[in-house]
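Working notes, structure below.
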Ligand SMILES: [Zn+2]
């Protein structure tokens, strides 16, 4: 639907240049050893994902922002809409962040890589 936009690449975790395949080695999001295992290059456009050593170190800063955004969203939902107490809201936030950790990690990497690559419809 948003194919060609950065949003599509970020949400689907696809190659930022051609968006034809996932940048991750496999789809097992909740297997700790596989969560952030990435392919070396895109098999369609040959884009090298890790453009320099420790490239994805920067995704750590993005994950902080993503984590805070999720924490705020969960707090608003739990405290204002579900009527949780502040302590219950705290545990709801902690639980959500723990459960969503693999999602946050991949989302951050996708956001990070999309800051450096542009979609190319001819790739
Ligand atoms: Zn590609």
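The values are calculated or read from the model by the stated rules, or taken from the named source; none is laboratory data. Note that the coordinates shown come from a computational prediction; the quantities given were computed from them, not determined experimentally. Glycine gets a Cβ as well: all are built from the backbone with ideal geometry, and neighbour counts include every protein chain shown.
A few comments on the model shown:
- Subset of region 38-47 (residues that are part of a loop (DSSP other than H, G, I, E, B) and surrounded by 13 or more Cβ atoms within 10 Å (Cβ to Cβ)): 39, 42, 44, 45, 47
- Contacts under 6 angstrom Cβ, first residue in region 16-34 being part of a loop (DSSP other than H, G, I, E, B), partner modelled with pLDDT of 90 or more and more than 16 Å from the ligand (Cβ to nearest atom), 6 or more apart: 25/37; 29/102; 30/102
Conditions (1) farther than 30 Å from residue 123 by Cα; (2) under 14 Å from the mean Cα position of the chain (by Cα), marked per residue:
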residue: 2; (1), (2): no, no
residue: 30; (1), (2): yes, yes
residue: 40; (1), (2): no, no
residue: 69; (1), (2): yes, yes
residue: 73; (1), (2): yes, no
residue: 88; (1), (2): yes, no
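- Taking the conditions (1) within 23 Å of residue 11 (Cβ to Cβ); (2) under 21 Å from the mean Cα position of the chain (by Cα); (3) in a helix (DSSP H, G or I) in turn, residue 94 satisfies each one other than (1).
- Only listed residue being at pLDDT below 95 and part of a helix (DSSP H, G or I), chosen from 56, 2, 75: 56
- On inspection, residue 80 fails the criterion of being touching a strand residue (DSSP E or B) at 6+ places or on another chain (Cβ under 9 Å) and in a helix (DSSP H, G or I).
- In region 48-69 there is at least one residue that is within 13 Å of the ligand (Cβ to nearest atom) and buried (at least 18 other Cβ atoms within 10 Å of the Cβ).
- Residue 10 surrounded by 14 or more Cβ atoms within 10 Å (Cβ to Cβ), within 16 Å of the ligand (Cβ to nearest atom) and assigned to a helix (DSSP H, G or I): yes
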